[in-house]
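The values are calculated or read from the model by the stated rules, or taken from the named source; none is laboratory data. All values derive from a computational prediction rather than experimental measurement. All Cβ positions, even for glycine, are placed from backbone atoms using ideal geometry, and neighbour counts span all protein chains on display. In case anyone asks, the SASA skips ligands and DNA or RNA and just uses the protein heavy atoms, side chains included. Shrake-Rupley method; radii C 1.70, N 1.55, O 1.52, S 1.80 Å.
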Amino acid sequence: MGKTLPEARYNRLASTLFGGQGSRAPQPTADDLRRIDETSRIKRALMVRYRFKWPWGAGAQYLYRELICALGLEDSQDVLMDLARSKPGRKERGELFLRILGLRKQGKRVSQIQAELERDGIHLSKEGVESYLKTRRRKTQP
């Protein structure tokens, strides 16, 4: 009989921790296998939400609840829904920051960076580009 998925994950982790194929890793208990399986299902649900790029609304909540039920995580549903809810405030755009920083290192000025972003469909004002570069400062009055 083949190994179950949690048992295979346990063996892979144990061989890493205890030093390779020939070592004697402790045998997993049924409780260990159950926790490994549940943790992997929770991780999968969280990764689906993390990679979800559309607006978080009633439809997305419904689909996420159905995913939670399909993964058999009904007892963790409230906690997962709280974690999945969008947080208020401005959202970070790390990829955009890295791109703007890379263009700046190429020697491009703010207006050139803005023009390049416009060509790719990213609408950002000059002040917005400057705020990503942290170059926008309060103008001193004479």
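Note on the range 97-142: among residues that are out of contact with any helix residue (DSSP H, G or I) (no Cβ under 6 Å at 6 or more places or on another chain), modelled with pLDDT under 90 and of a type in the set (S, T, Y), the one that is least open to solvent (accessible area, probe 1.4 Å) is S131.
State yes or no: is R24 at pLDDT below 70 and in contact with a Phe, Trp or Tyr (Cβ under 8 Å, 6 or more places away or on another chain)?
Details: at pLDDT below 70: yes; in contact with a Phe, Trp or Tyr (Cβ under 8 Å, 6 or more places away or on another chain): yes.
Answer is yes for this residue.
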